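Single-structure report; data block below.
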Amino acid sequence: MSRNKLDNPSNPTRRNFLTRAATASAIAVAPIVASTNALANPASHDHKRDPHDGLAATEPFWGKHQGGIATPIQRNTYFMAFDVTTTDRTELIHLLKAWTQAAAEMTQVAPTMDPHADPLQPPQDPGATVGLPASRLTITFGFGPTLFNLDGVDRFGIASQRPAALADLPRFPGDQLIPERTGGDLSVQACANDMQIVEYALRRMVSLAQGVAKIKWAQNGFTAGFKPNETPRNQMGFKDGTINVPTNNPTEMHKFVWAGDEGPDWMRDGSYMVIRPIRIALEHWDKMKLGFQEETIGRHKISGAPIGKQHEFDKLDLEATDKDGNLLIAENSHARLSAPESNDGAQILRRAFNYDNGVAQIAERWPPWRQLTTFDAGLLFQCYQRDPRAGFTRMFEKMSKFDMLNQFTTHIGSGLFACPPGVQPGEYIGQKLFA
């Protein structure tokens with residue numbers, strides 16, 4: 001099934017794309033060759049450095065794993081899902097090549113403008129980031145289930161290569177998924193410490209995709225400027241991500257995050273991403289008593305410590321009771337239901353951002369049940385895992401039914417993507433899949 005028939009080699013749209021992709025690749029290669037020290041060395045990430053060490057820092061693009069997964073989280077993100085409109089495999093490969101070259105350039109080299117540019121032609125670069133450093137920019141790519149099979153059609157000859165781990169997510173209790181904010185054939189996510197950098201990166205990717213893929217949905221997000229190694233707080237005021245897979249522990253990352261030999265060879269050392277915009281009723285939450293908030297989360301608000309403990313990283317004691325025999329960490333609390341001990345040891349690598357889309361007309365879920373204009377804000381939840389069936393799905397099947405936090409949150413979108421391993425100079429993202 002084709003969303004847009006471009007498979008005729010004489011089609012001018014097809015010719016224009018191939019020309020545009022070749023030109024983009026040539027433009028991207030020029031500064032890369034001139035900066036071999038920055039780009040040709042796929043150095044491993046130094047997890048001990050300050051993740052907010054200034055806007056001038058760069059993150060490696062080439063390497064075993066894609067950037068933006070184990071990378072210390074940046075201040076801003078822009079996620080975008082695309083639907084592929086062509087049915088031509090060659091065009092899709094050209095797009096992936098163009099995206100790879102552009103990402104390699106943007107993550108390392110500051111753009112410049114030609115002082116001798118023809119004033120009668122559009123500039124080659126919009127100029128939005130001229131003079132700005134890379135700001136730790138990472139660009140992460142993913143392949144959605146519908147890239148492999150759409151309505152029973154194997155559009156690109158890769159249906160047999162769809163990993164079993166890329167199984168469609170079930171519909172969870174409470175989901176209010178908006179079709180226009182769900183799914184996608186391809187995903188691109190830019191993260192950096194400067195919002196203008198990530199916005200520019202996505203604009204360039206959209207431009208390169210013209211005639212081959214179109215935007216399905218998008219969401220930007222932000223984190224606060226907390227100190228290095230300090231767990232950030234979300235908009236509800238609680239520390240978010242205390243229990244997480246340690247990215248500087250190769251054994252744990254291999255166990256829980258990086259895909260292994262159980263799947264197709266093209267996904268080895270990649271990871272599976274689940275991303276969900278979750279709207280939070282912030283105004284309603286802010287009116288709740290502190291004790292109820294802490295009971296709902298299962299942690300103390302100021303310290304982040306488990307209820308009954310003193311320090312954030314104190315071990316959860318799920319058996320502890322008060323003098324009357326009541327569990328200190330409530331049975332339906334967020335911390336208990338998401339804990340590895342409650343999910344057969346399952347863990348995920350959380351990499352979540354806050355989001356704020358301004359205001360919207362939303363129906364209240366509490367008396368007087370009226371329509372009101374309120375904040376369209378919440379959490380851009382994102383996690384990586386070796387297999388979503390043993391990670392996110394296992395954990396959220398229980399949480400979606402019993403988590404006390406559900407009365408304040410609504411999952412309004414969802415995406416599942418296979419993020420292939422990193423690339424070396426001369427390769428393109430997902431090359432083994434299309435070899």
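The values are calculated or read from the model by the stated rules, or taken from the named source; none is laboratory data. Note that the structure is predicted; figures quoted are calculated from it, not measured. Neighbour counts run over all protein chains shown; Cβ positions are idealised from the backbone, glycine included. With ligands, DNA and RNA removed, areas are computed over all heavy atoms of the protein, side chains included. Shrake-Rupley method; radii C 1.70, N 1.55, O 1.52, S 1.80 Å.
For the reader, a short list of remarks on this structure follows.
- Mean separation of Cα pairs under 8 Å and 6 or more residues apart, divided by the residue count, gives the range 50-162 a relative contact order of 36 percent.
- Amide H contacts under 5 Å for Leu380: Ile278, Phe353, Asn354, Tyr355, restricted to partners 5 or more places along the chain or on a different chain, H placed in the peptide plane at 1.01 Å from N.
- Between the C-alpha center of the range 174-209 and that of the range 283-337 there is a gap of 35 Å.
- Å² of accessible area per residue within the range 263-406, as computed with a 1.4 Å probe and no ligands counted: 47 Å²
- As a fraction of the 1.4 Å probe accessible area of the range 120-269, surface on carbon and sulfur atoms comes out at 51 percent.
- A straight Cα-to-Cα reach below 13 Å connects Lys214 with the aspartates and glutamates Asp83, Glu180, Asp185, residues fewer than 8 places away in its own chain not being considered.
- Table column - 3J(HN,Hα) (Hz), the range 279-294, Karplus curve with 6.51, -1.76, 1.60, x for Gly and Pro: 6, 10, 7, 5, 4, 5, 4, 4, 8, 6, 5, 4, x, 5, 4, 5
- Modelled spin-label separation between Ser303 and Glu262, with each label point placed 7 Å from Cα along the Cα-to-Cβ direction: 3.8 nm.
- Against the chain, whose longest principal axis is taken from its Cα atoms, helix 12-33 shows a tilt of about 80°.
- Each residue of the range 399-407 was assigned a 3J(HN,Hα) from its phi angle through the Karplus curve 6.51 cos²θ - 1.76 cosθ + 1.60 (θ = phi - 60°); the sequence is 5, 5, 8, 10, 5, 4, 5, 4, 5 Hz, with glycine and proline shown as x.
- For the range 281-356, the Kirkwood estimate of hydrodynamic radius, built from reciprocal distances between every pair of different alpha carbons, is 13.7 Å.
- Listed residue pairs exceeding 22 Å between alpha carbons, taken from Lys227/Lys289; Lys227/Lys301; Lys301/Lys401: Lys227/Lys289; Lys301/Lys401
- Fraction of accessible area attributable to carbon and sulfur, the range 338-435 (%, probe 1.4 Å): 53 percent
- Under 5 Å between amide hydrogens, built in the peptide plane, is the criterion, and for Thr182 it picks out Ser414 among residues at least 5 positions away or on other chains.
- Here's how it looks for His300: its modeled amide H is under 5 Å from those of Ala305, Ile307, which are all 5 or more places away or on a different chain.
- For the chain, dividing the convex hull volume of the Cα atoms by the residue count gives 157 Å³ per residue.
- Cα gyration tensor shape for the range 292-406, rounded if a/c is under 1.5, else prolate or oblate: oblate
- Summed over qualifying helices (DSSP H, 4 residues or more, each -39500 (n - 2.57)) and divided by its residue number, the chain shows a 222 nm mean residue ellipticity of -7000 deg cm²/dmol.
- Percentage relative contact order, the chain, counting C-alpha pairs under 8 Å, at least six apart: 22 percent
- Percent of Cα pairs in the range 176-247 per distance bin of 10 Å, from zero to the largest separation: 14, 34, 34, 16, 1.
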